Amino acid sequence: MGDVITGTAAGVPYTALRPAVETDALLVSWHMIDAPKSDAAFAAALPLHDVPAWRVHLGLPFCGARMVDGSMDAVIERARRDAVLEYFAGFTVQAVEEFPAALTEVRKQLSIGDGPLFALGGSLGGLVALRNMTRAEFKAGAVVNALIKVRTGVALIEEIVGIPYTWTDESAAAADALDLVARAGELGNVPLLVVSGEEDYPIFREDAKNLADAVPNGELATIPGLAHPLAQEPGIEPAPQTPSAKLVDDLLTQWFRKHV
């Protein structure tokens, strides 16, 4: 099954799974804010053991080893203060800006050469993966129940809390910059698997279909019975893989094996 290695690269915590074969292929991932909500928990939910590549799961800001006072309360508080600037866009922009230095340091720490790069993200981590795919050279990517447009995330929060978000010019610009359906052309011809849970939020499922249609090399896959999360709550620590996550893991394994 390979070794599990934990560390920090340029300030970004990670959980790495060593491949069963000698390779410099590297799959990087960004986790959800729903369960699994840390790099370690995401690695347990989607270990991708049979993918012949390093799997390095990177931690998002204020999550996992970067939680404030050992809880996700700081994340919730930021979302309440400003769902766009402090949460959706704030987290995404920080994670994207952290990635180049973290990637360089991970390769150095784990002695991974400059091999092909692959991306994976779930929910908010899916937006991070997609945005990074517009900025760096990836061989293939996949997202699961991804946040694809910041405005969709805002609409979901409005629906859940029953309070409308107060838009400003700044937050509108930040949200529009993170509309990956509108920016799908920037993903080029990189193969992209868009995985959508049959029971995920309808507005997320709509975005998933639109993204798969907009990307030249996009493919949509629906997972029967899968709601938004990929693990049971609380979802911070590694936990046994759920049956739904196993379906996703098998699908992603087939996808990445084809492209590795």
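The values are calculated or read from the model by the stated rules, or taken from the named source; none is laboratory data. None of these values were measured; they are calculated from a predicted model. No Cβ is skipped: glycine too gets one built from the backbone with ideal geometry, and neighbour counts run over all protein chains shown.
Quick notes
- Of all residues making up the stretch 156-170, the number that are modelled with pLDDT of 95 or more and part of a loop (DSSP other than H, G, I, E, B): 5
- Checking 122, 225, 153 one by one, the residue that is modelled with pLDDT of 95 or more and over 17 Å from the mean Cα position of the chain (by Cα) is 225 and no other.
- The stretch 125-150, residues that are closer than 17 Å to residue 219 by Cα, under 9 Å from the mean Cα position of the chain (by Cα) and assigned to a helix (DSSP H, G or I): 126, 127, 129, 130
- Answer from 252, 226 - the residue that is in contact with a strand residue (DSSP E or B) (Cβ under 6 Å, 6 or more places away or on another chain), in a loop (DSSP other than H, G, I, E, B) and crowded, with 21+ Cβ neighbours inside 10 Å: 226
This table checks each residue for (1) in contact with a helix residue (DSSP H, G or I) (Cβ under 8 Å, 6 or more places away or on another chain); (2) touching a residue at least 24 places away in the same chain (Cβ under 8 Å).
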site: 137; (1), (2): no, no
site: 146; (1), (2): yes, yes
site: 157; (1), (2): yes, yes
site: 164; (1), (2): yes, no
site: 170; (1), (2): yes, yes
site: 190; (1), (2): yes, yes
site: 193; (1), (2): yes, yes
site: 208; (1), (2): no, yes
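- Residues considered: 173, 212, 182, 208. Of these, the only one that is more than 25 Å from residue 229 (Cα to Cα), part of a helix (DSSP H, G or I) and of a type outside the set (S, T, N, Q) is 173.
- Selection of the stretch 70-118 for residues being surrounded by 15 or more Cβ atoms within 10 Å (Cβ to Cβ), basic (Lys, Arg) and within 30 Å of residue 163 (Cα to Cα) yields only 78.
- Within the stretch 129-175, the set of residues being basic (Lys, Arg) and exposed (fewer than 13 other Cβ atoms within 10 Å of the Cβ) comprises just one member, 135.
- Residue ID - nearest to residue 53 (Cα to Cα), chosen from residues in the stretch 11-20 that are more than 19 Å from the chain's Cα centre (by Cα) and at pLDDT 95 or above: 19
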